[in-house]
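Here the structure comes first, spelled out in C-alpha cells, and everything after it is commentary.
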Amino acid sequence: MREADLTFEKNDKGADGNASAPSSLDERFSAVRSNAFDDIYFAGDGIHETRHVFIHGSDLPARFLSKRRFTIGELGFGTGLNLLEAWRAFDEAGTEPGARLTFISFEKFPLSRADLERVHGIWSEHAERSAILRDRLPENAPGFHDIQLAPSVSLLLYLGDVVDGLSRLDAFVDAWFLDGFSPAKNSDMWSASVFDLLAERSNKRATISTFTVAGAVRRGLSQAGFEVEKRPGFGRKRDRLWGQRSDLSKTPRDTRRPPWFQPPGPKPRDVSPKVAIIGAGVAGAAAAHALIAAGCNCTVFDPRGPAAGASGNIGGLIMPRLDLGDTPQARFFTQSYVHALRVIGLLPGAHEFFNRCGVFLRLDDAKADALISDPPLPANQIERREGGLFFKDAGVIDPQKYVQALLGDTQIFKTHINHIDTNDTGSVSLNTDDKPPIHFDAVIVANSVGALRLHAGGYLPISGVAGQIDAFLEAHAPASATAAGPYFAPAPGGGVLVGATYDKIDLEKACNGDVETSPAATSENINAVAALAPAFAQSLSSERAMSRASVRCQTPDRLPIVGPAPDPEFYQASYEGLKHGVKASYPPAEYQNGAWLLTGLGSRGLVTAPLCGALVAAQILGAPFDAPSPVDQTVADALHPGRFIFRELKRAQNKKSLYRSESLSD
Ligand code: SAM
C-alpha cells in the first residue's frame, strides 16, 4: 500500500484561524497537509473542530447513553484524531457497564509510523490513547483489521479504497463521519456510490456529520435517502452539514446476502448474553477470549480439560497461508494471520510461548514470484528468498500455553455435554448424564469432530484427519522454521519439532480421539525433513523422538465452519426450488435458536481460531445489525455453516441440468 506523503506546515494559521500552541517545540506546526490531495488533515490542534463537527455535531455524548452498542463509521482515518476524540467522549459519557463503542474507519493511504508519532505528539491529552493506538495499528496489510483498543472500545479499520471497504462492510452504522478531504480535491470520497453504500449500511436513526456543505454532497446524500441540513460551522466556516436517514423507523435489511446466508434477525439485548462453549481447544478458547473482551459471561465445557486434543501438541506454526487472487478465502487466511499475531502479541506472557523465529515457506518460483509481485502482507513481513518466501514475524507457538492464555480466567467444567436443546424462546439447555439441564442464552459447539455427535443434522461434511508430530529434544534447533506442507522448526522447549503426518481416519475413531503414535509416522516425518534439508535430517534419530498424535477436523473446502447452526429441515424444505433452478423470492434462513458452530479448523486452527472466535462472538452479539462483524461479508458467507446444504441443493440442480437458464449466486 502507498503511504501518505505529508507536509507539516509551520507559522501559518490554519483554516479555523485559530492555531493553538503545539505542546512540544520540536513538533511545532500548525497544519498537516497531504501532498497528494493538496488538502489538510487538520489545522490548529484539530481537536476543537473535530469536537464541533463530529462529536457534538453527531450528539454523541447523549447517544452513547441511549444505545448499548454504538457504531461509528468514518470515511478517512488519517491521523486517527476523530477516533481519539470519539474514544474520549465515550469514556467520559458515563455509560452503563457493558456499553461498547466500535469505530469503523477506511483508509487508502495510511500515515507512516514516524508521521503518526509526530502528529500524535501535539495532543498531550491523548498521549495514552494514541500510544495504544500506534502500538496496535496494523502494518499496512490491505483489508479489515479488528483491533481492541480498550475493554469497551474497538477499531475496525479497513485499509484500502473506501468503495471496496464499504461494499464489503458487514456492519450497520449509527453515526457516520464524512471526513475525506474537500469534495473539490477528492471526489472519490463523495461519489453517488459512496452515498448509496452509506445508506445501505446505516442503522435505524443513523446520522451523518461533515464539515462540508458543498451542493453536490447535499444533493448526493438526499438522493441516497438522508435528510440533510446546514448547521453552524467551526471557526471561519459558516456551516457544517448534518443529516439523518429519512426513514427513521425503518429496520435495516441485509440486502447483500442471499437468503440462505441471512443472519438471525436483529435482537436488541438489554444484557450481555450468557454463553456456553463446548470444547476447550484453541477454537473454544479463542471464542471465550473474544466473548470476554466483548463483555460477555462465558463458561467452557470439556470433559478432557483445556488443550487435550490437537491443541495440546508440543508445538505448532503461526504462519500465513497465502492464496493467489483476491478471493474471500485468500482474504480470510491473510486476515487470520495478521489478527492472530495481534491477539497473541497482547496475551500475557506471549514472549514465553511464542517464538517469532520466522518461517521460510518453500514454494515453486512461479508462485513465489506471483505472490511477491502483489503481496497481501506488508513488504517488510514477506521476503523473497531463493526457493520460496520468508515471513519474519511468523514462528512457533506452544499450543497448550496459548490456549491457557486465551482462556484466561474463564470457568471450565470437565463435564460431558451429551445433548443440546434449543427452543423458540431463545434459550438453550445443555444436558449431561447425571445433572439437571444447564441454561444459557447461546451455545457454541467448538469441539472439533465431536460437533457431529452433539449437533444432530448430518449436513456437516467434516472428516477426521490423524496427524503425528515429533520433537527431538536433543537435536540442535534451527534458527527459524522451514515449511513445505511438512515442516521442521525450533521446538518450544528446545530441540527440533517436525510435523505433521496426514491420515484420513473413520469418523467413529475421530470422534473418540482414538489415534496412537507410531514409529512409522516418526520415520515419515524424518523423511519429510530429509526432502527439505537432507543434512539436517541426519541429526534426527527416530529412537529419540517424543511423539504426539491427534485428530484434526477438516472440511471439504478447507475453510472453517463458523456461524449460526442452520435448521436443516427448514433449509431443505424452503430452498428445495434450488434443486430445480427455480428463481424465486426465497425466505431468509432459519436457525436452531441460540446454537452456533465453530469447527472444521483443520491444520490451521492455531492461526485461524482468533479471527473465527471474534466472528462468532460478534454474531452472537447480533452482527451485522447490533455489532459489526470483524470480517468482510463475503468471508462470513464463505464460513457459513449453511453453505454445505446450499451446495448440495445446487449440485442436485446441476446434475439434473434443469432450468439452466436461470442462475443463482452463492
Ligand atoms: N479523519 C481523519 C483524522 O481524524 O485525522 C482525517 C481524514 S483526512 C481529511 C482524509 C483521509 O481520507 C486521508 O487520510 C486520505 O488518505 C483518505 N482517503 C482519501 N481518498 C480515499 C479513498 N478513496 N479511500 C480511502 N481513504 C481515502
- request: May I ask you to derive the relative contact order of the chain, considering only C-alpha pairs under 8 Å and at least 6 residues apart, and to give it as an integer percent?
  value: 14
Entries of LYS274/LYS414; LYS401/LYS504; LYS67/LYS250; LYS274/LYS401 with Cα pairs more than 23 Å apart: LYS401/LYS504; LYS274/LYS401
field: Solvent-accessible area, 1.4 Å probe, carbon plus sulfur percent, for the stretch 39-110
entry: 51
task: Roll a 1.4 angstrom probe over the protein heavy atoms and tell me the percent of accessible area of the stretch 318-400 that is carbon or sulfur.
output: 51
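Relative contact order for the stretch 241-363: what percent, with Cα pairs under 8 Å and sequence separation of 6 or more? Numbers along the way, then the final one.
On the way: 73 pairs, mean separation 19.0, N = 123.
It rounds to 15 percent for the stretch 241-363.
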task: Taking just the C-alpha trace of the stretch 94-213, give me its Rg and Dmax in Å.
output: 15.3, 43
Cα-Cα pairs of the chain separated by more than 47 Å (percent): 19
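Among rounded, prolate and oblate, which fits the stretch 34-120 when a ≥ b ≥ c are the square roots of the eigenvalues of its C-alpha gyration tensor, a/c under 1.5 means rounded, and a/b larger than b/c means prolate?
Working: a/c = 2.26, a/b = 1.95, b/c = 1.16.
It is prolate, given that a/c is not under 1.5 and a/b is the larger ratio.
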query: Sorted by average packing, counted as other Cβ atoms within 10 angstrom per residue and highest first, what order do 372-379, 37-44 take?
result: 37-44, 372-379
- prompt: Taking the Cα centre of each part, how many Å lie between the stretch 178-203 and the stretch 522-586?
  reply: 42
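Can you show me the helix-derived [θ] at 222 nm for the chain, built from DSSP H runs with n ≥ 4 at -39,500 (n - 2.57) apiece and divided by the number of residues, rounded to the nearest 500.
Values: 21 runs with 192 residues, N = 666.
Rounded to the nearest 500, it is -8000 deg cm²/dmol.
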- request: Using a/c under 1.5 as the rounded threshold, could you call the stretch 600-656 rounded, prolate or oblate? The axes a ≥ b ≥ c are square roots of the C-alpha gyration tensor eigenvalues, and prolate needs a/b larger than b/c, oblate otherwise.
  value: oblate
field: Burial ranking of peptide ranges 180-188, 444-452, 46-54 (average Cβ count within 10 Å, highest at the top)
entry: 444-452, 46-54, 180-188
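If you take every DSSP beta bridge fully contained in the chain, what fraction is antiparallel? Give it as a percent rounded to 5.
The antiparallel proportion sits near 65 percent.
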task: Whenever you get a sec, compute what percent of the accessible area on the stretch 527-634 sits on carbon and sulfur atoms (1.4 Å probe).
output: 50
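Compute the projected area of the convex hull of the Cα atoms of the stretch 276-403, averaged over all viewing directions, and report it in nm² to one decimal place.
On the way: hull surface 35.6 nm².
It is 8.9 nm².
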task: Over the chain, average the accessible area per residue using a 1.4 Å probe and give it in Å², no decimals.
output: 41
message: Quick check on the stretch 428-484: take the gyration tensor over C-alpha atoms, sort the square-rooted eigenvalues as a ≥ b ≥ c, and tell me if it's rounded (a/c under 1.5), prolate or oblate.
response: prolate
Alpha-carbon Rg with Dmax, taken over the stretch 538-666, Å: 19.1, 64
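Only Cα pairs under 8 Å and at least 6 apart count here; give the relative contact order of the stretch 206-256 as a rounded whole percent. Please report the intermediate quantities before stating the final value.
On the way: 65 pairs, mean separation 21.1, N = 51.
Reported relative contact order: 41 percent.
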message: Could you report the accessible area of LYS367 in Å², rounded to 10, computed with a 1.4 Å probe on the protein chains as they sit in the structure?
response: 70
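The values are calculated or read from the model by the stated rules, or taken from the named source; none is laboratory data. These numbers come from a predicted model, not from an experiment. A quick note on method: Cβ atoms are made from the backbone with ideal geometry, for glycine too, and the neighbour counts reach across all protein chains shown. For accessibility, only protein heavy atoms count, side chains too; no ligands or nucleic acids. Shrake-Rupley method; radii C 1.70, N 1.55, O 1.52, S 1.80 Å.
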